[in-house]
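Engineer: Supplied in structure tokens, the structure appears directly below.
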């Protein structure tokens, strides 16, 4: 399977929980699939077709930080609010709210995409950001690779679909936005994923390591591939799970 391997670095990034509006703003440990779709749209200059869009990812960061930010909240002014006692009636009013925000420091994202998107990241249509619009990022490398079917694989620092939970004892189950439709509807769909930081070894002997991936009848691995150019010290190539955002 031919793929474009895109490596992106961001000094600071965050992926806000969509269910929090005020107060502390935590961050997900991985970019949601909808964020990756939007990230590719920024490079391409238009929305990739969600029906055919696929991706694999490997994501790391050095540490998590907390910072105090000020949110400037602007709203319609009440009928009695004035700029000064003798001045005209104000049309808007504003307030400042301090908010604690989590962020990820020294983040590196490796995406495996359809080869047609590789050229977009070589000459992005818009400013490269990862996470929020102020989280500037850099495209470090765009390479053409050939993914292979695995005899064994190392799954680590990646997202896996929740249906693999019987096979994987590690990682945290998270609810992420899978796809957000184009404006003006902006309808969001959600799905559960396994946020996997720890290594899980496909093809390892369960009698020899607790990190072995457990084969379970009825759970297919059709979307599992490996990047043969990235191999660990034990000879396990990097596993790449191919995700879709619709269907």
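The values are calculated or read from the model by the stated rules, or taken from the named source; none is laboratory data. Model, not experiment: these values are computed from the prediction. Don't worry about glycine lacking a Cβ; one is built from the backbone with ideal geometry, like all the others, and counts go over all protein chains shown.
Engineer: I'd like the full set of residues that are buried (at least 18 other Cβ atoms within 10 Å of the Cβ) and under 19 Å from residue 159 (Cβ atoms), limited to the stretch 112-135.
Structural biologist: Answer for the stretch 112-135, where residues must be buried (at least 18 other Cβ atoms within 10 Å of the Cβ) and under 19 Å from residue 159 (Cβ atoms): 112, 113, 117, 130, 131.
Engineer: Something else now. Look at residue 46 and say whether it is at pLDDT 80 or above, under 21 Å from residue 133 (Cβ atoms) and outside any strand (DSSP E or B).
Structural biologist: When the stated conditions are applied, residue 46 passes them.
Engineer: Here is a list: 230, 240, 145, 226. Which entry is in a strand (DSSP E or B), free of Cβ contacts under 8 Å to residues at least 12 places away in the same chain and either touching a helix residue (DSSP H, G or I) at 6+ places or on another chain (Cβ under 9 Å) or crowded, with 16+ Cβ neighbours inside 10 Å (or both)? Spell out how you get there, then give the answer.
Structural biologist: Values: 240 fails: free of Cβ contacts under 8 Å to residues at least 12 places away in the same chain; 145 fails: free of Cβ contacts under 8 Å to residues at least 12 places away in the same chain; 226 fails: free of Cβ contacts under 8 Å to residues at least 12 places away in the same chain.
Residue meeting the stated conditions: 230.
Engineer: Another question, then. Determine if the stretch 182-190 includes at least one residue that is touching a residue at least 40 places away in the same chain (Cβ under 8 Å) and assigned to a loop (DSSP other than H, G, I, E, B).
Structural biologist: Yes, the stretch 182-190 contains a residue that is touching a residue at least 40 places away in the same chain (Cβ under 8 Å) and assigned to a loop (DSSP other than H, G, I, E, B).
Engineer: Let me ask something additional. Quick one: how many residues across the stretch 154-182 are touching a helix residue (DSSP H, G or I) at 6+ places or on another chain (Cβ under 6 Å) and more than 18 Å from residue 242 (Cα to Cα)? Reasoning before the result, please.
Structural biologist: Residues of the stretch 154-182 touching a helix residue (DSSP H, G or I) at 6+ places or on another chain (Cβ under 6 Å): 177-180.
Then drop every residue that is not more than 18 Å from residue 242 (Cα to Cα), which leaves 180.
Number of matching residues: 1.
Engineer: Can you tell me which condition residue 210 does not meet? The list is (1) in a loop (DSSP other than H, G, I, E, B); (2) within 21 Å of residue 159 (Cβ to Cβ), and all the others hold.
Structural biologist: Of the numbered conditions (1) in a loop (DSSP other than H, G, I, E, B); (2) within 21 Å of residue 159 (Cβ to Cβ), the odd one out for residue 210 is (2).
Engineer: May I ask you to list the residues in the stretch 14-36 that are assigned to a loop (DSSP other than H, G, I, E, B) and farther than 16 Å from residue 133 by Cα? Let's see the steps before the verdict.
Structural biologist: First, the residues of the stretch 14-36 that are assigned to a loop (DSSP other than H, G, I, E, B): 14-15, 17-24, 26, 28-32.
Residues satisfying the conditions are 19, 20, 21, 22, 23, 24, 26, 28, 29, 30.
Engineer: Another question, then. Inside the stretch 161-181, can you point out the residues that are buried (at least 19 other Cβ atoms within 10 Å of the Cβ) and part of a helix (DSSP H, G or I)?
Structural biologist: 164
Engineer: Filter the stretch 108-138 down to the residues that are over 30 Å from residue 235 (Cβ atoms) and assigned to a strand (DSSP E or B) and list them by number.
Structural biologist: Scanning the stretch 108-138 gives 129, 136, 138.
Engineer: Is there a residue being touching a helix residue (DSSP H, G or I) at 6+ places or on another chain (Cβ under 8 Å), touching a residue at least 40 places away in the same chain (Cβ under 8 Å), under 23 Å from residue 52 (Cβ atoms) and surrounded by 15 or more Cβ atoms within 10 Å (Cβ to Cβ) anywhere in the stretch 194-214?
Structural biologist: So far as the stretch 194-214 goes, no, none of its residues is touching a helix residue (DSSP H, G or I) at 6+ places or on another chain (Cβ under 8 Å), touching a residue at least 40 places away in the same chain (Cβ under 8 Å), under 23 Å from residue 52 (Cβ atoms) and surrounded by 15 or more Cβ atoms within 10 Å (Cβ to Cβ).
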